[in-house]
Amino acid sequence: MANDKSNDVSLSRTFISGFWNENPVLRLLLGMCPTLAVTAAVKPALTMGLSVIFVLICSNIVVSLMRNLLKPHLRILMFTLAIATFVTIADLFLKAFLPEMSSTLGPYIPLIIVNCIIICRAEACASKNPIVVSIIDAVGMGGGFTITLCFLAGIRELFATGAVFEIQVLATPETGGWFVPWAAMGMPVGAFITLGLMLGLTNIISKKA
Amino acid sequence: MDTLQVLLMGFISVVIVNNLVFTKFLGICPYLGVSGRIDMAFGMGCAVTFVVTLSGTLTWMIDNWILMPWGLEVTRYVCFILVIAGAVQLVEMYVRKFFPTLYDSFGIFLPLITTNCAILGLCLFINLWGVDNLLEAVVLSFGAGIGFTLAICIMAGIRENLNLSDVPECLKGAPITLITAGLLTLAFMGFAGMIR
Amino acid sequence: MVKSIKLFFEQSWLLITSAFVFGLLLSVTNAAWQPRIIQNEIDKFNRLAGAMLSEAKTFELAAEKVEIDMPKGKTTLLEIKKGLDADGNCVGWAFVCHGSGFADKIRLVLTLDAGFETIKGFGVLSSNETPGFGDKIKKDYFRSQFMGMPAAEITLSKTGDYKEIDSEIVAITGATVSSEAVVAIVNNFVGQVRGKLKEKGLIDNGK
């Protein structure tokens, strides 16, 4: 019984660590390319986040299942093979059911393959832990990634278009409001600077805590 | 003459106008990680240029001569990543065996390159841009590598000077690098639309 | 020899098996979803073209693919589609044209009336123009300038009235290059497609 409880605690800790202590974007600085590229609006960011969660869970399950059979020098090859397969599936799914999103995200969906988060989790967690822990870790990490992405995208979309999730929050001059869209926020500049400031903010908060 | 002009324009466009780092956000991880010192940055840039030229060419050949005629586009991503991983391994072995001095200077970066998004990204973009001859594919891949080297060296130069300046405590390290990169993209945006 | 083969399989059996399993997985998903993906493309084309040719109920392929010259000495193959109303009469033409924009390739669906004399309008199939500037080519105020203009050589001017319909297009402020790109694509395709259709005798030769 006591053993069970400590197990539960460590599981929930694994789950939560992905959101803050080991947040892949803000703390570990992993997976920066999609973070910067798809966060011009919340919708593509959310789609990206969910795709990453899907790929992360699947690859963690597969890697965890075959962790005892892995030969060290063929390990990375196995990981990339599994990841590439699931990314292709995710890509086909988006093309079939969400064609609009698929054309917005374009090549950034296949680029999930080289997203360091996934290979890093496969290496650091799934290849050493049983399947349940691996899944929970995947959900936690993926969730942390998605939330960070959406937060960043929310800030950028708000300033770039005055809307969040395509719902107009600040009225633009075209509709009689005062907010002049800040187009730079939708461009690469906005991505880099917003993320830089967010990292700075994270540093301040974590230092106080 | 015409071909030469197309190639030259394509090269300049991929180095400056459509620079992978500044306009497509590819290769940000090494861009932030290795841009601390200018010699390391240059080594990384050389390694990336080497691998990207090789894998860009190879994937173009596989894509156009094997996958498209046979209707196997669905396995494109798997093939690409395996080609890249293979190319990196080969290059590493070859360089270590025949050019030990070269290996000492940039060999340590080679394994990292497999997961460099710039490489896979370029292979995908070449496919997306509809490049239809081998020579153009080679030139564009090489140009992308040069573009990456350019970006990472500029950044490293700035960061070496940044060490001496008074940066607020919370922004030290990655945050200030990102902000600097943001300002750099702003500068590079001036080239946008110069070549179509 | 046998020993080395044995070693090879001992080391790599997992890799080989999983390659097969993953390959199978991929082909199954592909077989299941590919028809849908193709259908999505067609749906999008029909939706964009249908919005401009409101009388058209269905679109069908007018002829086999024709070759169109592109800038820089390249050529491309084009499918021209005929818009049919409920009775099967031809009410217009629609096709996908493309060219390089400011950042990336722009793909447009262009529609013309049955006699190939008036442009009915264009819809953006895919583009990657700068948000806030170039992507305004999708906005109605720019697109409406093309609706109902004569299918002749189009010119671009930087000032003027957006509402006036003539052979002059007013560029989007801050996105001259994107506007130019759209005009260049339309100019390049309309003339050539008209020539091809005349050759095939699908539209009147007289005018």
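What follows draws every value from the coordinates through simple rules; no lab data is involved. Keep in mind that what you see is a predicted model, and the values were worked out from it rather than measured. Every residue, glycine among them, receives a Cβ derived from its backbone with ideal geometry; neighbour counts consider all protein chains shown.
The figures follow:
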{"read-out": "Residue within the stretch A:47-70 that is within 17 Å of the chain's Cα centre (by Cα) and in a loop (DSSP other than H, G, I, E, B) present", "value": "no"}
{"read-out": "Residue within the stretch A:163-179 that is within 19 Å of B:THR185 (Cα to Cα) and crowded, with 16+ Cβ neighbours inside 10 Å present", "value": "no"}
{"read-out": "Of all residues in the stretch A:149-177 being polar (S, T, N, Q) and within 14 Å of chain C (Cβ to nearest Cβ), the one that is farthest from A:THR39 (Cα to Cα)", "value": "A:THR175"}
{"read-out": "Residue match in the stretch C:145-162 (condition: touching a residue at least 12 places away in the same chain (Cβ under 8 Å), out of contact with any helix residue (DSSP H, G or I) (no Cβ under 9 Å at 6 or more places or on another chain) and assigned to a loop (DSSP other than H, G, I, E, B))", "value": "yes"}
{"read-out": "Entirely in the stretch B:1-71, the helices (runs of 4 or more DSSP H) that have 1 or more residues that are small (Gly, Ala, Ser) and either within 14 Å of chain A (Cβ to nearest Cβ) or touching a residue at least 24 places away in the same chain (Cβ under 8 Å) (or both)", "value": "B:2-12, B:28-33, B:38-62"}
{"read-out": "Neighbours by Cβ (under 8 Å, 6+ apart or cross-chain): first from the stretch A:93-105, without any contact (Cβ under 8 Å) to a residue 24 or more places away in the chain; second surrounded by fewer than 17 Cβ atoms within 10 Å (Cβ to Cβ) and of a type in the set (Asp, Glu)", "value": "A:PRO99/C:GLU41"}
{"read-out": "Selection status of A:ILE136, under 21 Å from A:ARG27 (Cβ atoms), at the interface with chain B (Cβ under 9 Å from one of its Cβ atoms) and either of a type in the set (A, V, I, L, M) or touching a residue at least 60 places away in the same chain (Cβ under 8 Å) (or both)", "value": "no"}
{"read-out": "Any hit, the stretch B:92-110, residues being under 24 Å from A:LEU195 (Cβ atoms) and aliphatic (A, V, I, L, M)", "value": "no"}
{"read-out": "Check on A:THR146, among the polar types (S, T, N, Q), away from chain C (no Cβ under 14 Å) and touching a helix residue (DSSP H, G or I) at 6+ places or on another chain (Cβ under 9 Å)", "value": "yes"}
{"read-out": "Residue list for the stretch A:136-151, restricted to those being buried (at least 19 other Cβ atoms within 10 Å of the Cβ) and either under 21 Å from A:ARG75 (Cα atoms) or among the β-branched types (Val, Ile, Thr) (or both)", "value": "A:ILE136, A:ASP137, A:ALA138, A:THR146, A:THR148"}
{"read-out": "Pair list, Cβ under 9 Å, 6 or more apart: the stretch C:17-28 residue without any contact (Cβ under 8 Å) to a residue 60 or more places away in the chain and more than 10 Å from chain A (Cβ to nearest Cβ), other residue of a type in the set (A, V, I, L, M) and surrounded by 17 or more Cβ atoms within 10 Å (Cβ to Cβ)", "value": "C:SER27/B:VAL74"}
